[in-house]
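Visitor: Dropping a structure here in structure tokens format, bear with me for questions.
The values are calculated or read from the model by the stated rules, or taken from the named source; none is laboratory data. Keep in mind that what you see is a predicted model, and the values were worked out from it rather than measured. Heads up, the Cβs are rebuilt from the backbone with ideal geometry, glycines too, and the neighbour counts pull from every protein chain shown. Side chains included, ligands, DNA and RNA excluded: accessible areas come from the protein's heavy atoms. Shrake-Rupley method; radii C 1.70, N 1.55, O 1.52, S 1.80 Å.
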Amino acid sequence: RFESIIFRRPKESAQKTGLLEALIVPIKDRDKIGGSYLNSTAICCTPELANSGSCKVGEVIIHDDPNSSPDGPKRLQTFFEGNNEVAEMVLQTVEITHDGMYYLYFMFCDPELLGTTISGRTVWRNPDGYLPGKMAPLMPFSGFMSLAYLGLGLVWFLWFTRYWKDVIQLHFHITAVIGLGMSEMALWYFEYANFNANGSRPAAITFWAVTFSAVKKTVSRLLLLVVSMGYGVVRPTLGALTLKVLLLGVGYFMASEALGLFENLGNINDFYGKARLILVLPVAVLDACFIVWIFSALSQTLEKLQVRRSGAKFVLYQKFTNSLAASVLVSIAWIGYELYFNAADPLGELWRRAWIIPAFWALLAYMLLIVVCVLWAPSPNPTRYSYSEEMGDDIEDQETPFVSGGGVKLGGGDVASMAMLEIRKEKKLSTTLPPPPPPAASEYYVFRLGEDLEENKRE
């Protein structure tokens, strides 16, 4: 629908009648514009072509093929009358009966109309609403993902309340990411639904959807980073790294927020050009920084756990590392596909599949969150992943046996390992308690065995 379309031409050209044309062209019929079928490279009709009866002088050449679809190139004409500087297009509606990608061009062939400006608006509506065809599937997808986050949140909440006495600080961070993800997808669903119903993007809802998306992406990356650093597992705090982590998070949030607002706030634009590239680069660089730092931190954490002989935690972090490595490989492959998709489809002919590109990244983030929730789920035995300051966090977890240097198996139920724990406790209390009386023979044998085992372990 054409609404209040007004053309204004310069004063010096307001001396005779001028013609402007609005062309609605299906991408599949783009070769019907111009004189290629007449063996000419001209777009506008020339006197020579007009003499052959193929077109009219001053008009854009359109090949009238009887075999073309009824929604082939359509021509709507507007004339400047006499010396008028302003021409208004008639309010009208054009019916499209076949789906596809359509382009609208405003064109003129008269060189004296150079400098003509256009104002007004066009309204495009699909049978199911105002959402563009390439965005329409994102509305049900956002609703589905919001319900998926809600389901994950309910399972996590039940597990959280069941073992609430054993939760650690990391569990609260995971809860925040789940809540942010559910809110983000719900806001996007309402944004798409409002757009689809009214034909314009609600600025307030779009702003909050973009903001929640930026916050969720930032918090998710920070969660992966601090988990990789061993926060709550091999170290109680991040120490001097806290400021660097926060600065990286703030920088990523600002870059992601700017890119999201540019892409979503306002009208839909399929050709962002250089402005979008300037905003994409900081996000890409900061994402690379996160990836490098995460895998570097994971390497250091695995090395510490191996030195401390923390078998259960080492296996836990191995699974986490393998999951992250797999996600990075899949992401690289998908980026390659995305580049190929954009290069092979510059005009949007593959619009039916365009929604899969953003949907993939939302789904990948959700799958990674599930992996974190499964590996760090609250349990009645939090020592398998939490930092144990009392024991120095260098004693093997009870459920994962190791073999000491002397060949004696140390398990959760062995007398020797229990003796080792008693020795550790005695060392901590020795400064406040009076010296104990000499042990009996049997006690001396047990504690002596624990000391030998501890010496073998150190060796």
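Visitor: Looking at (1) farther than 18 Å from G120 by Cβ; (2) open to solvent by 30 Å² or more (accessible area, probe 1.4 Å), can you tell me which one I61 breaks?
Guide: So I61 meets the others, but not (2).
Visitor: Then there's this: Within region 300-327, track down each residue that is over 16 Å from L223 (Cβ atoms), open to solvent by less than 70 Å² (accessible area, probe 1.4 Å) and at pLDDT below 90.
Guide: Residues of region 300-327 that are over 16 Å from L223 (Cβ atoms), as a first pass: 300, 302-315, 318-319, 322, 325-326.
Filter once more, keeping what is open to solvent by less than 70 Å² (accessible area, probe 1.4 Å): 302, 305, 308, 310-315, 325-326.
Result: L302, L305, R308, S310, G311, A312, K313, F314, V315.
Visitor: Return the residues of region 160-193 that are assigned to a helix (DSSP H, G or I) and β-branched (V, I, T); say none if nothing qualifies.
Guide: Within region 160-193, T161, I174, T175, V177, I178 meet the criteria.
Okay, residues lined up against (1) at pLDDT below 85; (2) in contact with a His (Cβ under 7 Å, 6 or more places away or on another chain):
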residue	(1), (2)
I43	no, no
E48	yes, no
N51	yes, no
S69	yes, yes
L76	no, no
L91	no, no
D99	no, no
I118	no, no
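Visitor: Between V215, V227, which is surrounded by fewer than 20 Cβ atoms within 10 Å (Cβ to Cβ) and either over 16 Å from A362 (Cα atoms) or touching a residue at least 24 places away in the same chain (Cβ under 8 Å) (or both)? Full working, then the answer.
Guide: Values: V227 fails: surrounded by fewer than 20 Cβ atoms within 10 Å (Cβ to Cβ).
Within the list V215, V227, the selection yields V215.
Visitor: Looking at A148, A136 in this structure, which one is among the hydrophobic types (A, V, I, L, M, F, W, C) and not in a helix (DSSP H, G or I)? It would help to see each step written out before you state the result.
Guide: Values: A148 fails: not in a helix (DSSP H, G or I).
Checking each option against the conditions leaves just A136.
Visitor: Please pick out the residue among I291, I278 that is within 25 Å of S213 (Cβ to Cβ), surrounded by 12 or more Cβ atoms within 10 Å (Cβ to Cβ) and modelled with pLDDT under 85. Before you say what the answer is, go through the steps one by one.
Guide: Numbers: I291 fails: modelled with pLDDT under 85.
The match here is I278.
Visitor: Continuing with this model, one more query. Can you list residue pairs whose Cβ atoms sit under 7 Å apart, with the first residue in region 106-135 being closer than 13 Å to R9 by Cα and the second being assigned to a loop (DSSP other than H, G, I, E, B) and open to solvent by 60 Å² or more (accessible area, probe 1.4 Å)? Count only pairs 6 or more apart in sequence or on different chains.
Guide: As it stands, the answer is T116/F108, since those pairs meet every condition given.
Matching residues to (1) assigned to a loop (DSSP other than H, G, I, E, B); (2) farther than 29 Å from P10 by Cα:
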{"site": "A50", "(1), (2)": "no, no"}
{"site": "G53", "(1), (2)": "yes, yes"}
{"site": "K56", "(1), (2)": "yes, no"}
{"site": "D71", "(1), (2)": "yes, yes"}
{"site": "G82", "(1), (2)": "yes, no"}
{"site": "V90", "(1), (2)": "yes, no"}
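Visitor: Of everything in region 337-360 that's within 24 Å of L224 (Cα to Cα) and open to solvent by less than 60 Å² (accessible area, probe 1.4 Å), which residue is modelled with the lowest pLDDT? It would help to see each step written out before you state the result.
Guide: Taking region 337-360 and keeping what is within 24 Å of L224 (Cα to Cα), we get 357-360.
Imposing the further condition that a residue be open to solvent by less than 60 Å² (accessible area, probe 1.4 Å) reduces the set to 357, 359-360.
Working: I357: 91, A359: 94, F360: 94.
Restricting to residues being within 24 Å of L224 (Cα to Cα) and open to solvent by less than 60 Å² (accessible area, probe 1.4 Å), the top hit is I357.
Visitor: Among the numbered conditions (1) crowded, with 19+ Cβ neighbours inside 10 Å; (2) modelled with pLDDT under 95, tell me where Y149 comes up short.
Guide: (2)
Visitor: Also, I was wondering about something else. Which one is surrounded by the fewest Cβ atoms within 10 Å (Cβ to Cβ) among residues in region 177-203 that are modelled with pLDDT of 90 or more and of a type in the set (G, A, S)?
Guide: Among those that are modelled with pLDDT of 90 or more and of a type in the set (G, A, S), it is A197.
Visitor: May I ask you to say which residue of L23, L38 is buried (at least 16 other Cβ atoms within 10 Å of the Cβ), farther than 20 Å from L113 by Cβ and aliphatic (A, V, I, L, M)?
Guide: Working: L23 fails: farther than 20 Å from L113 by Cβ.
L38 is the lone residue from the list that is buried (at least 16 other Cβ atoms within 10 Å of the Cβ), farther than 20 Å from L113 by Cβ and aliphatic (A, V, I, L, M).
Visitor: For V94, indicate whether it is loosely packed, with under 14 Cβ neighbours inside 10 Å, out of contact with any Cys (no Cβ under 6 Å at 6 or more places or on another chain) and among the β-branched types (V, I, T). If you could, list the steps in order and put the result at the bottom.
Guide: Numbers: loosely packed, with under 14 Cβ neighbours inside 10 Å: no; out of contact with any Cys (no Cβ under 6 Å at 6 or more places or on another chain): yes; among the β-branched types (V, I, T): yes.
When the stated conditions are applied, V94 does not pass them.
Visitor: While we're here: Looking at C55 and the list (1) open to solvent by less than 80 Å² (accessible area, probe 1.4 Å); (2) under 30 Å from L369 (Cβ atoms); (3) of a type outside the set (D, E, K, R), which single condition is not satisfied?
Guide: (2)
Visitor: If a residue must be among the β-branched types (V, I, T) and part of a loop (DSSP other than H, G, I, E, B), how many such residues does region 105-119 contain? Steps first, please.
Guide: First, the residues of region 105-119 that are among the β-branched types (V, I, T): 116-118.
Checking the rest, the ones that are also part of a loop (DSSP other than H, G, I, E, B) come to 116.
Result for region 105-119: 1.
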